[in-house]
Amino acid sequence: LPGLQLSEALYREAVAPILAREFPGLPYSAARIGTGSDVLGFDTVRSTDHEWGPRLLLFLAESDVATYGAAIVEALRHMLPREIRGYPTNFGPTHEVGVTVLQPVETGPVEHKVGVTTLPRFLQERLGITEAHQLDVLDWLTFSEQALLEVTAGAPFYDGLGTLTETRALLAYYPHDVWLYLLAAQWARISQQEPFVGRTGEVGDDLGSALIAADLVQDLMRLGFLMERRYAPYSKWFGSAFAQLGCAARLSPHLDVVLAARGWRDRQQHLVHAYEIVAVMHNELGITEPLSTQASQFHSRPFLIIEAGRFADALRDQIQDERVRNLPEAVGSIDQFVGSTDVLSNTTVRRRARPIYGSV
């Protein structure tokens, strides 16, 4: 049973009735959001080996957390059913410190995974903000897309506070000019390496050629996410989420060959096919004047490129917001220039990257 369905069953069949009975009239919101493969819809049987199961967050008003938070947690410990849809509601320890798994219990309270917090606290932990109105440009650029997914993916079950749905809508995707800036930065990344697959291969550095080609494959995939206005998850689910994009059926056959190729000419041939596909996709967006979708030679050398810089320039020309126009070219969001999990998963560290963008 997918985790989201199991968590919804926990809420509707157990948690909601208990709250209505024991805390009548208390305003709250309930959702399964945050960390976890089930939030993204990618959980499998393998996911059940740690922290997977019926779980959710209850959001209260700040004034109500101190009054009712601990009492709700304790009431649920004693009143939740020990099973929901055939799965335990109790989480027990494992040999790994801090890691729990579903464990059936026959007596006593259940150690559940129903957390009680406030929406501002949750947003502060995930994104470093307390509300989503009037976000700064640099806020958007230092949010990781995985963190944004942890707020906007998953499922809300009830929004009695009336703020959860609005917040998720405000964070659903980047503002238009920030989106144009990120698209331009992504095309610029491609422009910086597109001739090097052939140049390294020509001098016999097939490993170097393959590494650069792999970088370009990832850049093309991320460009697909941006063009379809979808946040990209972190590396474990990046390919799985890409496969759900509309462009995946056209791009994947070529990207697969690029990664499997044993020579630079084969890599180049299929990268060119992929470049031409995303060039057509760009024109279909209608956000710049149409650009040529045909690959060409890099100077007089036998290396074919799409001249990705053309697309970056055309996109930057369409940005109207002065603050976005003044951002340093080709830097993009933190996901586009940082590969460290320790940085991307740390809200405080991510926000320290703001000076990179200068005094915009």
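The values are calculated or read from the model by the stated rules, or taken from the named source; none is laboratory data. Not measured: the values here are computed from a predicted model. Ideal geometry is used to build each Cβ from the backbone, glycine not excepted, and the neighbour counts take in all protein chains shown. Each accessible area value is taken on the protein alone, full model and side chains, heavy atoms only, with ligands, DNA and RNA left out. Shrake-Rupley method; radii C 1.70, N 1.55, O 1.52, S 1.80 Å.
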Exercise. HN-Hα J couplings of region 110-119 from phi, Karplus 6.51/-1.76/1.60, θ = phi - 60°, integer Hz, Gly and Pro as x?
Worked result: 9, 8, 8, 10, 9, x, 10, 8, 10, 5
Problem set entry | More than 18 angstrom apart: percent of Cα pairs within region 227-270 | 39 percent
For this session: Using only C-alpha atoms and all pairs of different ones, pull out the Kirkwood radius for region 244-360 in Å with one decimal.
Result: 17.1 Å
Seminar exercise, completed: Dividing the mean separation of Cα pairs under 8 Å (6+ apart) by the residue count of region 205-360 yields a relative contact order in percent of 15 percent
Seminar exercise, completed: Residues whose modelled amide H sits under 5 Å from the amide H of THR100, counting only those 5 or more places away in sequence or on another chain, are GLU51
Problem set entry | Listed values (i) 23.8, 78; (ii) 24.5, 94; (iii) 26.7, 86, entry calculated as Rg and Dmax of the Cα atoms in Å | (i)
Exercise. With the dipole of region 310-352 worked out from charges on the C-beta (+1 for Lys and Arg, -1 for Asp and Glu) around the Cα centre, which of GLY332, ILE319, LEU344 lies farthest toward the positive end?
Worked result: LEU344
Problem set entry | Environment charge of ALA353, counting only residues whose C-beta is closer than 12 Å and scoring Lys/Arg +1, Asp/Glu -1 | +2
For this session: Give, rounded to the nearest 20 debye, the magnitude of the charge dipole that the chain has about its Cα centre when Lys and Arg contribute +1 at Cβ and Asp and Glu contribute -1 at Cβ.
Result: 200 debye
Exercise. So how long is each side of region 94-205 along the principal axes, counting just the alpha-carbon atoms, biggest first, in Å?
Worked result: 70, 43, 20
Exercise. In debye to the nearest 20, how big a dipole does region 1-62 give about its Cα centre with +1 on each Lys and Arg Cβ and -1 on each Asp and Glu Cβ?
Worked result: 100 debye
Exercise. Rounded to the nearest 500, what is the chain's calculated 222 nm mean residue ellipticity when only DSSP H runs of at least 4 contribute -39500 (n - 2.57) each, over all residues?
Worked result: -14500 deg cm²/dmol
Exercise. In terms of modelled amide H atoms, which long-range or inter-chain residues lie less than 5 Å from the amide H of GLY160?
Worked result: TYR28, SER29, ALA30
Exercise. Quick one: Cα centre-to-centre distance for region 326-356 and region 120-143, in angstrom?
Worked result: 14 Å
Exercise. Hey, what's the chain come to in accessible area per residue, 1.4 Å probe, Å²?
Worked result: 46 Å²
Seminar exercise, completed: Checked region 189-249 with the C-alpha gyration tensor, a ≥ b ≥ c its square-rooted eigenvalues, rounded below a/c of 1.5, otherwise prolate if a/b is larger than b/c and oblate if not; verdict prolate
Problem set entry | Sulfur and carbon atoms: percent of accessible area, region 26-170 [1.4 Å] | 53 percent
Problem set entry | Restricting region 256-353 to GluC sites (Glu not before Pro) in coil, as DSSP defines it, with at most 15 other Cβ within 10 Å | GLU329
Exercise. In terms of modelled amide H atoms, which long-range or inter-chain residues lie less than 5 Å from the amide H of THR118?
Worked result: LEU60
For this session: Using a cut-off of 14 Å between beta-carbons, work out the net charge of the residues near THR107 (Lys and Arg +1, Asp and Glu -1, THR107 not included).
Result: -1
Seminar exercise, completed: In whole angstrom, the spacing between the Cα centers of region 228-288 and region 3-64 equals 36 Å
Exercise. On average, how much area does the Cα convex hull of region 1-154 cover when viewed from any direction, in nm²?
Worked result: 10.1 nm²
Exercise. Which GluC sites (Glu not before Pro) in region 1-109 pass both tests, a DSSP loop state and at most 14 other beta-carbon atoms within 10 Å?
Worked result: GLU96, GLU106
For this session: Normalising by the residue count of the chain, find the relative contact order in percent from Cα pairs under 8 Å and 6+ residues apart.
Result: 17 percent
